[in-house]
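Q: This is the structure I want to talk about, given as structure tokens.
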Amino acid sequence: MALLAPTFLCEDRLLTRFMGLSVMLHVIVVVVDWSFMISSSPSRPQELEVIEAELAEALPVAVEFNKLPPPPTHAFTLEDSSAVEQAEVALPRKTAEVAMGKEDVKGDPNASVDVQASVPQPDVAAEEYKQQLFERLQQEQTRKETQKRRINARKKKQEAARQAKIAGLLQRSQDQVQANATGVSKAATAYIFSLKAIIQKHYEIPDLYRQQNQKFVEIKLLLGHDGRIREIDLVRGSGKSALDEIILNSVEQSQPFPAPPRELRGQPFILRFQP
Amino acid sequence: MSIRRGFGLSALVFLWVSGTQGGAAAPIVLNIDHPQFRQMTVAIPEVAVQYPGSIPDWGLDASPLLEGYLNLSGYFRVLDRQGYQGLWPEKSFAWGSPLAKTAQKMDRSTWKQLGAEALLLVKAAPRGRAVSLELTLTEIRGQDGRTLAKEYRVASRAQLQQTLKKFVDEVLRRLSGKPGIYGTKIVFVGKKTARAHKAIYMCDVDGSNVEQLTQTRAIHLSPSWHPEGKAVLFTSYERGNPDLYQMTLPGRRKSIVSAEKGLNSGGAFSPDGKTIVFSGSSGGGNTDIYLKTDPLKGRKRFIYGTGLDVNPVFSPNGKWLAFVSGRYGNPHIFRAELEWNRDRQSFRVVKDIRLTYAGWYNASPAWSPDSDRIAFAGFDRAVGRFDLFTMKADGTQMERLTLRHGDNESPSWSPNGQLLVFSSNRVADTNRKGPFQIYIMRRDGSHETKLDVGMYSADSPKWSPVLDWVSS
């Protein structure tokens, strides 16, 4: 009403009404602005939670520094290797001294320990415990060493096998490309390689027929369902009928072949013999 | 309607039937290479004669002589006569006799069952005072029928031997496509007695017909052949200095190639016969490799450096030069790549690579005739002996040829690449050492046979190329 005070001083009614309207409008605008301001500001606690949740998802599990392994107690077991590592770090010198047989061990280690006895007695138990711990550490060390050695040997074997496999694959790459080109399955490829190995084993020719630029011999082979030869033909000869006959005989003598897989039944093969 | 159905049905049946034929699938190609190599089995029955006593006794030796020559070639394994004892007459039989009928009954399938791949039949008949020989080689396998049939007339045992050697060469050429070995000779350094001077000798591949080439009483060393067998290079001390000489063959005219003061040794011809490379001393105790194209002009140094460079040999294809160098300490075998100018008149060394890394002392490289492999002698410290090895021309795939049979040195290949001649100081079959002698073995190291050349000691053998002047 105080705001409206100056309006009463005016004698002109129109001016009064105009002034009142403008004041009202100003008030309305202020109120509307304020309400907008309140509604658009972020409700802080809710957004931060969302962001923290996203961060927690993105980041790895945080290391909680409260969760260190407990110091070794009488009740520790060999499986708790982290505890052993801690113990190794903590007790090297003392246990070494004990191991070297210094006469620090109070009392006879083999004597029965009477817990209720006087003050020096607990030392024996402690020394015994240290001795046991040392032995267990030794065992653990040797166990880990042998494990490491086994792992290394296994790795070496795997590496050698991998190299051999790569070499074998490189050597057979041509056949493999062909086999793949004709759309043959994995089992069929394995059969083809085994067939080739058998024939290769029996491939033997007289030294007399060894020549630098000799033409190769091609033989068409058709196997029956049991692996026996159904058809065998000389497709291309070397020019020496004796050599062709020797190679044909060697293929016939390589029988019996293993039975071909289903998709290779009735599949003709061409064997190309290079001298 | 029923006709259509019938058509459809028959079409289906046709497709099904053709499908089971398996002809629709494209054939899969399998490459099979790297065969195993073996000897060819040959059967050589006894000589067949017209009637017993018709030919002199030396004529009946044709079969055992052929057996020996075929065995030496390294390609054949002669079938033991025991294998066909009951089927083929043991003694020489007469044509037309019941024994001959038995022999004729042996057809190809019987021989195949016995394991023979080839059959060599000898028929002998008197021809005046000489003997007419009919030799027939038949390959049991194949449809070629008779592979080779030849008729000869021989008047003496020596002529019989020469004729049979010529025939075996013909057999080898026909079957392998490569030249035989009986048209070649072996040249070596020999000492007739313990106190004699070392001289250059030449003999046949079976150790017969030994001839002395150098007559001067001085030390002679390291012979080597002209690529066409027209001359032999060697080093001689007859002028008080190790000079390089050349002797033409068969004329036996001797001339000096290089007589520089100091060493002129280990000479070798280039494959075109125009250049001679040798090891020469360069002063200060160093030895380098020199070449000479004109005997009247001076020598040209072309492989040199720290350490000794000796024993140069051209590869038969002219691309490389193998030599022994001590530039890295112990002697090892190196290979120099040669670049010939456009008209193949001269060449230069582009680079050289080291071939042998294993071993402590590797020497005397020898190229195989197809320039594929190099044979050399390497000292094996584990055994304490020199042994023979072969490797590929790039130094890989090293194979050992001798073991625990004394020192084995100076290998040399036969022109067909099947045999190697070398010198060894083994005593019989042991590892003990005695004077050096000449041996022949097959390219895989098997069948080491001593050549009986009648010397106190013989070494540095070199196998000649096929010679057109060998009397045959």
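Q: Explain nothing, just the number: dipole magnitude of region B:400-472 about its Cα centre with +1 on each Lys and Arg Cβ and -1 on each Asp and Glu Cβ, in debye rounded to the nearest 20.
A: Using only the charged Cβ atoms, the result is roughly 260 debye.
Q: For A:E204 and A:V27 in the same chain, what is the full-extension length gain: residue separation times 0.36 nm, less their Cα-Cα distance, in nm? Provide the component values of the computation, followed by the final result.
A: On the way: separation 177, 0.36 × 177 = 63.72 nm, distance 11.14 nm.
In short, 52.6 nm is gained.
Q: How would you rank B:407-416, A:239-248, B:212-221, highest first, on the average number of other Cβ atoms within 10 Å across their residues? All intermediate terms of the calculation are to be shown ahead of the outcome.
A: Numbers: B:407-416: 23.5, A:239-248: 19.9, B:212-221: 14.7.
So the order, starting with the most tightly packed, is B:407-416, A:239-248, B:212-221.
Q: Calculate I(q)/I(0) for region B:185-463 by the Debye formula, one identical point scatterer on each C-alpha and no solvent, and give its log10 at q = 0.07, 0.14, 0.16, 0.17 Å⁻¹ to two decimals.
A: So the normalised log intensities are -0.23, -1.01, -1.36, -1.54.
Q: Using only the Cα atoms of region A:185-273, what are the Rg and Dmax in Å?
A: Considering region A:185-273 through its Cα atoms, Rg and Dmax are 13.5, 41 Å.
Q: If you don't mind, there's one more thing I want to ask. For B:S346 and B:T248, calculate 0.36 nm times their separation in residues minus their Cα-Cα distance, and state this gained length in nm to one decimal. Present the calculation step by step, with values, prior to reporting the outcome.
A: Values: separation 98, 0.36 × 98 = 35.28 nm, distance 2.36 nm.
Full extension from B:S346 to B:T248 adds 32.9 nm.
Q: With a 1.4 Å probe, what is the total accessible area buried between chains B and A, in Å² rounded to the nearest 100? Could you put the intermediate results ahead of the total?
A: Working: alone 24280 and 21900 Å², together 42600 Å².
Using a 1.4 Å probe on protein heavy atoms, the buried area is about 3600 Å².
Q: Also: What distance in nm separates the two pseudo spin-label positions at B:K123 and B:D61, each 7 Å out from Cα along the beta-carbon direction?
A: Result: 2.5 nm between the two label points.
Q: For peptide A:265-272, what's the mean number of Cβ atoms from other chains within 10 Å of each residue's Cβ?
A: Numbers: counts 3, 7, 5, 6, 4, 6, 6, 5.
For this peptide, the per-residue mean of nearby foreign Cβ atoms is 5.
Q: Whole-Hz ³J(HN,Hα) for each residue in region A:158-172, computed from phi via Karplus 6.51 cos²θ - 1.76 cosθ + 1.60 with θ = phi - 60°, x for glycine and proline: what do you get?
A: 4, 5, 5, 5, 5, 4, 5, 5, 4, 4, x, 5, 4, 5, 9
Q: Also: Enter the Cα centre distance for the pair region B:186-224 and region B:415-435, rounded to the nearest angstrom.
A: 17 Å
Q: Can you give the angle from 0 to 90° between the axis of helix B:157-176 and the longest principal axis of chain B, with both taken from C-alpha atoms, to the nearest 10?
A: Around 70 degrees separate the two axes.
Q: In peptide A:237-247, what is the residue-averaged number of other protein chain Cβ atoms found within 10 Å of each Cβ? Don't skip to the end; give the middle numbers.
A: Working: counts 0, 0, 0, 6, 6, 11, 3, 3, 6, 5, 2.
Neighbouring Cβ atoms belonging to other protein chains average 4 per residue here.
Q: Next question. B:D370 label point, 7 Å along Cα→Cβ, cut-off 18 Å on backbone N: hits in region B:168-198?
A: Residues B:172-181 fall inside that zone.
Q: What is the extension gain from B:N241 to B:A149, computed as 0.36 nm multiplied by their sequence separation minus the C-alpha to C-alpha distance, in nm to one decimal?
A: Working: separation 92, 0.36 × 92 = 33.12 nm, distance 5.47 nm.
Answer, rounded to one decimal: 27.7 nm.
Q: Then there's this: Using 18 Å as the cut-off for backbone N distance, which residues of region B:39-69 belong to the label zone defined by a point 7 Å from the Cα of B:R108 along Cα→Cβ?
A: B:41-43
Q: So how tilted is helix B:2-21 from the main axis of chain B? Cα-based, degrees 0 to 90, rounded to 10.
A: 40 degrees
Q: So what J values fall out for region A:241-253 if you push phi through Karplus, 6.51 cos²θ - 1.76 cosθ + 1.60 with θ = phi - 60°, rounded to Hz, Gly and Pro as x?
A: Here the 3J(HN,Hα) series is 5, 5, 5, 4, 5, 4, 5, 4, 4, 5, 5, 5, 6 Hz.
Q: While we're looking at this one, here's another question. Between A:S254 and A:R136, take the C-beta separation as r, use R0 = 60 Å, and let me know the FRET efficiency to the nearest 0.05. Before the final figure, lay out the partial values.
A: Numbers: r = 62 Å, r/R0 = 1.03.
Approximately 0.45, to the nearest 0.05.
Q: For B:Y182, A:Y209, give me the order by solvent-accessible area with a 1.4 Å probe, most accessible first, ignoring ligands, DNA and RNA.
A: Details: B:Y182 20, A:Y209 0 Å².
Of B:Y182, A:Y209, the descending order of accessible area is B:Y182, A:Y209.
Q: Further, regarding this structure: Compute the accessible area per residue over chain B, keeping the other protein chains in place, probe 1.4 Å, unit Å².
A: Values: 22480 Å² over 472 residues.
In whole numbers, chain B has 48 Å² accessible per residue.
Q: I need the calculated FRET efficiency for the pair B:T293 and A:Q274, taking r as the beta carbon distance and R₀ as 41 Å, to the nearest 0.05. The partial results should precede the final answer.
A: Values: r = 42 Å, r/R0 = 1.02.
Using R0 = 41 Å, I get an efficiency of 0.50.
Q: Kirkwood hydrodynamic radius of region B:217-306 from all distinct Cα pairs, in Å? It would help to have the intermediate numbers written out before the result.
A: Values: mean 1/r = 0.0761 Å⁻¹.
13.1 Å is the Kirkwood radius here.
Q: Kindly flag which residue pairs out of B:K178/B:K254; B:K261/B:K351; B:K254/B:K462 have an alpha-carbon separation exceeding 21 Å in this structure.
A: Details: B:K178/B:K254 32 Å; B:K261/B:K351 29 Å; B:K254/B:K462 19 Å.
In this structure, B:K178/B:K254; B:K261/B:K351 exceed 21 Å between Cα atoms.
Q: Quick one: which residues, 5 or more positions from B:S282 or on another chain, have an amide H under 5 Å from its amide H? H modelled 1.01 Å from N in the peptide plane, none for Pro or chain starts.
A: Under 5 Å from the amide H of B:S282: B:T287, B:D288.
Q: What's the carbon and sulfur percent of chain B's accessible surface, probe 1.4 angstrom, rounded to a whole number? All intermediate terms of the calculation are to be shown ahead of the outcome.
A: Details: 11580 of 22480 Å².
Heavy-atom surface of chain B belonging to carbon and sulfur, 1.4 Å probe: 52 percent.
Q: Return the distance in nm (one decimal) between the two label points of a simple spin-label model at B:Y51 and A:R230, each offset 7 Å from Cα along Cα→Cβ.
A: 6.4 nm
Q: Let me ask something additional. Residue by residue, what Karplus-based ³J(HN,Hα) values in Hz, rounded to whole numbers, does region B:218-227 have, using 6.51, -1.76 and 1.60 with θ = phi - 60° and x for Gly and Pro?
A: Once rounded to whole Hz, the list reads 7, 7, 10, 9, 5, x, 7, 9, 6, x.
Q: Could you tell me the calculated FRET efficiency between B:N209 and B:V383, based on Cβ-Cβ distance and R0 = 41 angstrom, to the nearest 0.05? Intermediate values should be presented prior to the final figure.
A: On the way: r = 35 Å, r/R0 = 0.86.
Efficiency, rounded to the nearest 0.05: 0.70.
Q: On to the next question. State log₁₀ I(q)/I(0) for region B:108-209 at q = 0.10, 0.12, 0.14 Å⁻¹ as given by the Debye formula over alpha-carbon point scatterers of equal weight, solvent excluded.
A: Log10 of I(q)/I(0), two decimals: -0.44, -0.59, -0.72.
Q: Here's a follow-up. With 10 Å bins from zero, work out the P(r) of chain B over every alpha carbon pair and list the percent per bin.
A: Pair shares across the bins are 4, 17, 24, 21, 14, 9, 5, 3, 2, 1, 0, 0.
Q: Still on this structure, please answer the following. Which residues belonging to region B:30-51 lose at least 30 Å² of 1.4 Å-probe accessible area when the assembly is complete, relative to their chain isolated?
A: Buried-area filter returns B:L30, B:N31, B:I32, B:D33, B:P35, B:Q36, B:F37, B:R38, B:M40.
The values are calculated or read from the model by the stated rules, or taken from the named source; none is laboratory data. This is a predicted model, so every value here is computed, not measured. Neighbour counts run over all protein chains shown; Cβ positions are idealised from the backbone, glycine included. SASA here: full protein model, heavy atoms, side chains in, ligands and nucleic acids out. Shrake-Rupley method; radii C 1.70, N 1.55, O 1.52, S 1.80 Å.
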